[in-house]
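First comes the structure, then the notes that go with it.
The values are calculated or read from the model by the stated rules, or taken from the named source; none is laboratory data. No experiment lies behind these values; they were computed from the predicted model shown. Because the Cβ atoms are built from the backbone with ideal geometry, glycine has one as well, and the counts that use them run over all protein chains shown. When the accessible area is computed, the model is the full protein with side chains, heavy atoms only, and any ligands, DNA or RNA have been set aside. Shrake-Rupley method; radii C 1.70, N 1.55, O 1.52, S 1.80 Å.
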Amino acid sequence: MTRFVLQRIGGALLVLLALSVLIHVLFYFAPGDPARLACGERCNPQQIAQVREQLGLNESAVAQYLHFLQGLVAGRDYSAGAGQALHCDAPCLGFSYQTDQQVTGLILTRLPATLSLALGALAIWLLVGVGTGLLSALRRGGITERLLTVLTLAGTGTPVFILGLLLLMAVCAYLQWLPFPTYVPLTEDPEQWAWNLLLPWLTLGLFESAKYARLTRSSTLEALAEDHIRTFRAYGVGERALVTRHAVRGAVAPVIALSAVDFGTMIGGAVLTESLFGIPGLGKTLIDAVRVVDLPVVVGVVLAIGAAVVVAGAIADLLYAAADRRVALA
Amino acid sequence: MTQALVEVAGLVVDFPVGGAGDHVRAVDGVSFTLRAGRALGIVGESGSGKSTVAAALLGLHRGTGARLAGTVRVGGTDVSAATPAELRRLRGGTAAMVFQDPLSSLDPYLAIGDQIAEVHRIHSGASRRAARARAVEVLDRVGIADAVRRSRARPHEFSGGMRQRALIAMALACEPRLLIADEPTTALDVTVQAQILDLLHGLREERGLGLLLVTHDVGVAAESVDELLVMRDGAAVERGPVASVLTAPAEPYTRELLAAVPRLDGPRRSRSGHPDPAPRTPGPDAPVVEAVGLRREFGRRGRRVAAVAGVSLAVRAGETLGIVGESGSGKSTLGRMLVGLLEPDSGQVRHGGVPATGITGGVQMVFQDPVSSLNPRRSVGESIADPLRAAGERDTAALRARVGELLERVGLEAGHYDRYPHEFSGGQRQRVGIARALAPRPRLIVCDEPVSALDVTTQAQVTALLAELQRESGIALVFIAHDLAVVRQVSDRVAVMRAGEIVEEGPVDEVYDRPAHPYTRQLLAAVPELDPALAAERRSSRQEAYATA
C-alpha cells in the first residue's frame, strides 16, 4: 500500500514535470513578446526592457525553466526595480501579467468554485446515471428500458450549453422558481451556495448521466452473461440479487475508471457551464487568461488541472483494487 | 414403487437462430429416468445436446428464447410448469449443478465461504452466522484443509482442483437429492480429475445422492456411473447399464465412438500402416533438433519461476517424441523454445547440429486452438501461403498451386483456398493448421496439444494424418499433450515433464509398461479406465493410498 502510494506520487511528479516542460516550450515559441504583454499597451521601449529584466526574460530558455522550478519548490524573488525585490513564496507560479496577482493565490481562490461544481455533478451522475443504467439492465426488454434508452440517447445528443440554457430559461425565466444563479461561496452561506449551484450541477450532472447510464447498462449486461452469474442462477438466486450482489461489482469497474478521468477534466474543462452560470472557476480563468495571453496564469492553471487528473486517476486505482481483490496494487 | 428422482420424456429443445422463427434443434426427443441414489452418465461429442439436457433439468432455458417440449420432472416438480418461486426452490434445493470451468463459475469478487453461505441462506433461511458455519462445514467435507481460514479466500487464491471442490461444497450446502455435473473435470489435470471423481463417488455413497454426469470423456463416465446414455445430434443413440454399453455396444455409433477413444493399452496408430513396429535405429546423422540445458524463467524479481529448468533432448528424422505433463509442467514453454518463438535464458537449441537463430522455415509449429490460431479475416489459403511468402515466393500462380497441393495433402480440397476459417469444423481447421506448418517443407513440426480441443473421432483422424505425413516425408515430430493415451498412440519415445524438468524419458512402451519414476506411475494410475470393473478396482487402490498418505 505504502509502496503503491509512493510509486503513484513518483509517477505523478514525472507526468507534471513533463507537462510543465511542454507548456514552457509552447510558451517560448508563442508569438508576441512576453515583456510587452506584461507591461501593457502604453509602454515605451525602456519600460519594456525594464520589465524584461524584472521577469528574467533575458535569460536562456533553460535557465528560465529552472528558475520556474526553483520558484515552485523554494519560492523566488523578482526584482521590482530600484534594488527592491518582490518575494513570491513556494509554490510560486509567478505573477499574472494582467492583475499582478500571484498565480498560486489566484488558483486557490478559484478552486473552491470549480470543486463545488465538479463534486456536485459527480454525485448526480453516479446517482442518476448509474441508477438509470442498472434499472434498464434489470428491466431489459420492457417498456421501462425503451423509455430510458430514448432519454439517455436524447441526453447524449444534447450539447451541454443547450441543456444549460434550456434549464436556465425554464427554471429561472419562465417558471421563476429560482433567481438567476450567482456564485456564493460555501463558507459564506451554505444554503445559498447549494441553491445557486443547483442548476449548474443539474446541467453538468445530467449531461454526463446519459453517458454513464449507457456505460452502466452495457457493462452490467456484460457481467450478467458471465459464467459465475449462471452458477448463482442455477442455485436459485433471484434476478434482482444477481444484479445487485454479483453483476454490479463487475460493472462498476469501468464506471470508476471513467468517473476519475471525467472528474479530473472537469477541474479545468467545465468552461461552458462555468461561463453560462457565471461561476468563477478554473476553466473560466483559463479561457480568460488564454484570451489575453496571460502566460503565467495559463501555465499555472494547466499544471493544476494536470495534478487534478493524476490524483483522480490514483484514487480510481485505489477504488478499483478495493472492488476487485485480484488487482494487485503495485 | 418409489417415484423416480428425474423423469424426462420426449424432451425437445429448439434454439432460435437469426430472425423469422428459424431454429436449430439441440435436443430431439430424449427420454430417461433416474432413481434416487443412482448415477446416469450422458456422453457424446460436442454439439450432441448433452449439456442442453442438463440445463433443462433446472429450467435454465427460461427467458432465453429456447422452446421446450416434452416433460421434465425433477424431484416431483414439473420443471416446465413450475412457478418462478418453485423453480428457485428446485435450483440448489432439490438439484444442484456443478459446472465445467471452476474458475469462471465462482464470483471472483466474493469470498468463497460467503458465496456458499449465500446459496445456503436462500434455501434454508438460516442466519448469516449459521450459513457461514455451514459453508465451513461443507468445505471441510470436500477436503479443503484449514476450511475456516480458506473460506475467506477469493476464487483466484484457490487452485483449479480446490475451486472444483468449492463448487461441489456449494452443491452440498443445501442438501440436494440430485447432483448434476456438467463436464466437472474437463478443465483439470488427470491426477486432480481422479481426486474429484473419487470425491463425487464418496459423496454419492455417503448421502445417497442421485448423480447425472455429463461428459465427453467415456473414461470419466465409466468410472462414475451405473447407466450410460449416448447422445448424438440431439438424439439418444443408446442407453443401458454402463458395463454392457461399454463392453457390448449395440449401436454402430457407440462402437465408432468407443473405437476412437485413445487407450493406454490400445493399438499404436502411427504404426497402423506398418504392421511391423520395429524400433527405428537412429541414423548416424545429427538430430533434427537438439536442446541442451534449456532454461527459461518467468515473473518479476523476487517471484521468478522457472517454467523450464534445465531440459536436454534430441529428436531425429522420422521420429516422434511425445512430451506429457500436467498444466504448468513447462511443456508448452519447451515447445516454443524448440521452434524459436521464445528465447531460452540459458542453454542452446540446435537445428541439425547448428545453433538455432530465430525462427526458420525448417521448424514449424501446430497450435492447440484451431479457432484462434488462424486469422478469422483472411482466407485459409492466404494463411497457408504466409510461410511461403516469408520464404520469398512471390509468384501468385505458384503459391496457389502449392497451397492447393497442401490442402489436398491434409485431406481438404484445393478449391478451399478462398474459404474463411469459420466455414470449417474444428478438425478441418486443425488440418489447415497442419497444412500451414507443412508449407515451407520443414524437417521438424512441434505440435502443442494439437488434438485436445477436438472430439475423439476427429482426434483419431488428425493423429492418423500426422502419422501418415511422417511416414511419407520422414519429418520429425514433437507431440506435446496432457493426454497420456494419445501420446502413447503417436510417439516413438516419450518424455514425462514435471515442474520444468524431464523426470523420465525413454521408448514409449518401456515408459508406459515399466514406469521408473513415481510421478509417471502416479500419472498412469490416474488415467480413467474404460472397463468399469477395473475402474472400481483402481478407485479402491487409490482410496487406500489416500488413507495411508
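Remarks
- Scanning the stretch B:465-483 turns up one or more residues that are under 24 Å from the mean Cα position of the chain (by Cα) and of a type outside the set (A, V, I, L, M, F, W, C).
- Sole residue being open to solvent by 70 Å² or more (accessible area, probe 1.4 Å), over 16 Å from B:CYS447 (Cβ atoms) and in contact (Cβ under 8 Å) with a residue 40 or more places away in the chain, chosen from B:ARG296, B:ARG301, B:ARG316: B:ARG316
- Failed criterion for A:LEU276 (all others in (1) within 14 Å of another protein chain (Cβ to nearest Cβ); (2) buried (at least 20 other Cβ atoms within 10 Å of the Cβ) hold): (1)
- Single residue of the stretch A:209-241 satisfying the filter (of a type in the set (Val, Ile, Thr) and more than 7 Å from chain B (Cβ to nearest Cβ)) that is nearest to B:GLY125 (Cα to Cα): A:ILE229
- Those residues of the stretch B:169-210 which are assigned to a loop (DSSP other than H, G, I, E, B) and within 14 Å of chain A (Cβ to nearest Cβ), in sequence order: B:CYS174, B:GLU175, B:PRO176, B:GLU183, B:PRO184, B:THR186, B:ALA187
- Number of the condition not met by A:ALA321 [criteria: (1) within 14 Å of another protein chain (Cβ to nearest Cβ); (2) surrounded by 17 or more Cβ atoms within 10 Å (Cβ to Cβ)]: (2)
- Of the residues making up the stretch B:138-164, those that are part of a helix (DSSP H, G or I), of a type in the set (Val, Ile, Thr) and either modelled with pLDDT under 90 or farther than 20 Å from A:HIS228 by Cα (or both) number 1.
- Every residue from the stretch B:319-340 that is outside any helix (DSSP H, G or I) and closer than 14 Å to B:CYS447 by Cβ: B:GLU319, B:THR320, B:LEU321, B:GLY322, B:ILE323, B:VAL324
- For the stretch B:151-163, a residue qualifies if it is in contact with a helix residue (DSSP H, G or I) (Cβ under 7 Å, 6 or more places away or on another chain) and away from chain A (no Cβ under 14 Å), and the qualifying residues are B:SER151, B:GLY160, B:GLY161.
- Hits in the stretch A:125-147 - residues which are under 29 Å from A:TRP195 (Cβ atoms) and either crowded, with 20+ Cβ neighbours inside 10 Å or at pLDDT below 85 (or both): A:TRP125, A:GLY129, A:VAL130, A:THR132, A:GLY133
- Scan the stretch B:431-447 for residues that are in contact with a helix residue (DSSP H, G or I) (Cβ under 6 Å, 6 or more places away or on another chain), over 13 Å from B:VAL363 (Cβ atoms) and either at pLDDT below 90 or open to solvent by 10 Å² or more (accessible area, probe 1.4 Å) (or both) and the total you get is 1.
- Of all residues in the stretch B:354-370, those that are loosely packed, with under 15 Cβ neighbours inside 10 Å and at negative phi total 4.
- Count - residues of the stretch B:150-163 that are of a type in the set (Ser, Thr, Tyr) and crowded, with 21+ Cβ neighbours inside 10 Å: 1
- Meeting the requirement of 1 or more residues that are at pLDDT below 90 and open to solvent by 10 Å² or more (accessible area, probe 1.4 Å), the strands (runs of 3 or more DSSP E) wholly within the stretch B:1-110 are B:6-16, B:23-34, B:67-74.
- Condition met for A:LEU282 (over 26 Å from A:LEU147 (Cα atoms), open to solvent by 20 Å² or more (accessible area, probe 1.4 Å) and away from every other protein chain (no Cβ under 14 Å)): no
- Candidate set from the stretch B:371-384 (those that are buried (at least 20 other Cβ atoms within 10 Å of the Cβ) and under 19 Å from B:PRO450 (Cα atoms)); member that is modelled with the lowest pLDDT: B:LEU374
- With respect to the conditions (1) open to solvent by less than 10 Å² (accessible area, probe 1.4 Å); (2) of a type outside the set (Phe, Trp, Tyr); (3) over 19 Å from the mean Cα position of the chain (by Cα), B:VAL218 falls short on a single one, namely (3).
- The listed residues are A:PRO200, A:PRO190, and the only one of them that is open to solvent by 70 Å² or more (accessible area, probe 1.4 Å) and either within 14 Å of another protein chain (Cβ to nearest Cβ) or farther than 30 Å from B:ILE116 by Cβ (or both) turns out to be A:PRO190.
- Tally of residues being part of a helix (DSSP H, G or I) and within 30 Å of B:GLY63 (Cβ to Cβ) across the stretch A:135-188: 18
- Residue match in the stretch B:67-90 (condition: in contact (Cβ under 8 Å) with a residue 24 or more places away in the chain, more than 14 Å from every other protein chain (Cβ to nearest Cβ) and touching a helix residue (DSSP H, G or I) at 6+ places or on another chain (Cβ under 7 Å)): yes
- From the list B:VAL237, B:VAL230, the one residue that fits, being more than 26 Å from B:GLN522 (Cβ to Cβ) and surrounded by fewer than 21 Cβ atoms within 10 Å (Cβ to Cβ), is B:VAL237.
- Helices (runs of 4 or more DSSP H) contained in the stretch A:3-112 and holding at least 1 residues of a type in the set (Phe, Trp, Tyr): A:61-74
- Selected residue (criterion: modelled with the lowest pLDDT) from residues of the stretch B:235-267 that are over 21 Å from the mean Cα position of the chain (by Cα) and part of a loop (DSSP other than H, G, I, E, B): B:PRO267
- Here A:GLN98 meets each of (1) exposed (fewer than 14 other Cβ atoms within 10 Å of the Cβ); (2) at pLDDT below 85 with one exception, condition (1).
- Restricting B:ALA131, B:ALA126, B:ALA135 to those that are surrounded by fewer than 24 Cβ atoms within 10 Å (Cβ to Cβ) and assigned to a helix (DSSP H, G or I) reduces the list to B:ALA131.
- Filtering B:ALA147, B:ALA166, B:ALA117 for residues that are more than 30 Å from B:HIS216 (Cβ to Cβ), more than 10 Å from chain A (Cβ to nearest Cβ) and surrounded by 22 or more Cβ atoms within 10 Å (Cβ to Cβ) leaves a single hit, B:ALA117.
- Qualifying position, being over 17 Å from B:VAL315 (Cα atoms) and in contact (Cβ under 8 Å) with a residue 60 or more places away in the chain, among B:VAL478, B:VAL432: B:VAL432
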